[in-house]
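Enquirer: Here it is, the structure in full.
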Amino acid sequence: MAYYQRHIFFCTNARGDDAVRPSCGRCGSAELRAYVKKRLKEQGLTGAGKVRVNSAGCLDRCEEGPVCVVYPEAIWYTFIDEEDLDEIIEEHLIGGQPVERLKI
């Protein structure tokens, strides 16, 4: 049995102002990751057998960012704001159903 039911990685890579490619970190991904971590903790959904939230370096989907990936399903999402992340929390992390409109 896996230690966590689900593991979600948020790309928080931030490139400089002169970078050719966009980066998730420059789109507020670190703050949005912190929001998800806080919401899951408030709902008692963190820890062994539950959900783990981590930062990641570049996940190489820069043009689609900000992005996160949920394991074990390996489902990739793009998101804009807290409302998108609330939908991922409710529908996927709690309900087990991927959010089709946010999948990439």
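Since every read-out is calculated from the coordinates, none of them should be taken as a lab result. Everything numeric in this text was worked out from a predicted model, so none of it was measured. Reconstructed Cβ throughout: ideal geometry from the backbone, glycine too, with neighbour counts over all protein chains shown.
Enquirer: In the chain, which Cys residues have no partner Cys with a Cβ closer than 4.7 Å?
Expert: Unpaired cysteines in the chain: Cys27, Cys58, Cys62, Cys68.
Enquirer: In straight Cα distance, which aspartates and glutamates are under 13 Å from Lys38, not counting same-chain residues fewer than 8 positions off?
Expert: Answer for Lys38, where 13 Å is the Cα cut-off: Glu82, Asp86, listed by chain and number.
Enquirer: Follow-up question, since we're still on this one. If we count every other residue with Cβ under 15 angstrom of Glu91's Cβ, Lys/Arg +1 and Asp/Glu -1, where does the sum land?
Expert: Local net charge: -4.
Enquirer: Per residue of the chain, what 222 nm ellipticity follows from adding -39500 (n - 2.57) for every DSSP H run with n ≥ 4, rounded to the nearest 500?
Expert: Result for the chain: -5500 deg cm²/dmol, rounded to the nearest 500.
Enquirer: So what's the convex hull volume per residue for the Cα atoms of the chain, in Å³?
Expert: Numbers: hull volume 9.2 nm³, N = 104.
Dividing the Cα hull volume of the chain by its residues yields 89 Å³.
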